[in-house]
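Comments concern the structure below.
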Amino acid sequence: MHGDGVGGQGGGRDGARRRRPGRARPHPGALLTADTTAAAWALHRPGPRDVGLLSLAVVGVSLSAPLTTMVAAPMLALAFWRNAAGAAALVPVLLTRERATLTGLRWRDLRSSVVAGLFLAAHFAAWLPSLSMTTVAASTALVTTTPIWTALAARISGVRLPTAVWWGLVLAVAGVALIAGVDVAVSLRALAGDGLALLGAVCAGGYVLAGARARQRLATSAYAVVAYSVCALAIAASAVVVDAPLAGFEARDWWLIAAITVSAQLFGHTLLNLVLSSVGPTAVSLAVLLEVPGALLFALVLLGQVPPLLALPGVVLVVVGVALVVRASRPTTLVEPAT
C-alpha cells in the first residue's frame, strides 16, 4: 500500500549556509536539492508490465467504496478487520525478508508509526460512514483531496508552492463547493456525508505526513505492521465504547469484508507500491486519481447508483485540481490512495 517517502537534507556547504534574518524556517522537504527532488518525482513512462499492474491496482482500489457501501456490518468492524488482516499479512515479510531492520529499534523509532496509525483510524472512522450518507462518486472524490491538505501543511511549514499548485487548490475548492452545493439540495444528510469525506481526507493527510517521518527510520513492513496494528486497536477500543460488534455477521458480510481487504488493502495498494520504484510517485499519484471515475462506474454497475448530474462537474474539478497539485508540488511525503 505504501510508497517510499522522499526524504533527506542537503549537506556540505548547502547545509551550512546561514539563513537570512527573519526568514521562516523551511519544511525539511524544502532542504532537498532541486536535482534530488526532480529526479525522485520525475514522471517516467510506464512499460507494458507497469501499465498492466497500475491498471489492476486502480481496479482494486476503485472497488473499495462500492463494496463498502454493500456491507451491512458496522463500519468500525470493516475497518478493524481490514487493518488487522493487512498487518497480519505483512508480519511474515517483516520476520523474514526485513528481519534485520528490527535490530536496534527503540521506542522513539516507533512513535511516528503509532501516530500514523491513530490518524489512519480517524480517517476510516470519518470516511467509511460517509459512503452511506452521500454518493460513492462524491465521497471518493472528496477523500482523494489528501494531497491538497499535505501541500497546505507544507506551505504552513514554510515551503513555497508553485503557481500551478495554487491553481490546483482553487479548482479543487471550487469542485468541493459545487458538490456540497448540489448535496444541500439533496439533503442535509448528504451534505454531512461530504463533510465526513473531507474530514477523512484531512486525517489521511496526517497519516501520510506521520508515515513519511516514520519511514525515515523503519522498513516498509515494520512501519505498516505498527501503523495497521495501532489503527486496528484504536478502532476496536472505539467499537467497545459505542457498543458496535466486531463479529457475529452474516456470511455475505464476511465475504464482502474479505473482498475489500484483498482488492483494496492487499491487491490494489500492494501493486501500487510494487511499481513505485520503476514509474515514480508522480505516476502512481496520478493513477490513484483514476479511482474516482472507477468507483463511479463500479457504483453504477453494482449499486445502480447514479450521482446527480450537477455534481459531476464538481467531481471533475476536484480530480483535475488534485492532479495539478500532485504534478506541480513535488511533495516529499509518500503517496498512496486514501481508500
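The values are calculated or read from the model by the stated rules, or taken from the named source; none is laboratory data. Keep in mind the model is a prediction, meaning the values are calculated, not measured. Quick reminder, even Gly has a Cβ in these numbers, built from the backbone with ideal geometry, and neighbours come from all protein chains shown. Remember, those area values only see protein heavy atoms, side chains included, never the ligands or the DNA or RNA. Shrake-Rupley method; radii C 1.70, N 1.55, O 1.52, S 1.80 Å.
Taking all protein chains together and rolling a 1.4 Å probe, Arg108 ends up with roughly 120 Å² accessible. Simple spin-label estimate for Leu302 and Ala192 gives 2.5 nm between the two label positions (7 Å along the Cα-to-Cβ direction from each Cα).
Counting only protein chain heavy atoms and rolling a 1.4 Å probe, the accessible areas of Glu98, Glu291, Glu250 rank, largest first, as Glu250, Glu98, Glu291.
Summary of packing: across the peptides 160-168, 111-119, the per-residue average of other C-beta atoms within 10 Å ranks them, highest first, as 111-119, 160-168. Each of Ala247 and Leu105 was given a label point 7 Å from its Cα along the Cα-to-Cβ line. The distance between the two points is 2.7 nm. Other residues whose C-beta falls under 15 angstrom from the C-beta of Gly175 contribute a net charge of -2, scoring Lys and Arg +1 and Asp and Glu -1. A full extension of the chain between Trp166 and Val320 corresponds to an added length of 54.2 nm, given 0.36 nm per residue minus the alpha carbon distance.
With the whole protein complex present, Arg217 retains an accessible surface near 140 Å², based on a 1.4 Å probe. In this structure, Trp255 and Leu56 have a Cβ-Cβ separation that, at R0 = 22 Å, corresponds to a calculated FRET efficiency of about 0.60. Surface exposure of the range 131-284, expressed per residue as accessible area with a 1.4 Å probe, stands at 41 Å².
Stretched out straight at 0.36 nm per residue, the stretch from Arg97 to Ile156 would grow longer than its current Cα-Cα span by 17.4 nm. A probe of 1.4 angstrom, applied to the heavy atoms of all protein chains, finds Val242 with accessible area near 90 square angstrom.
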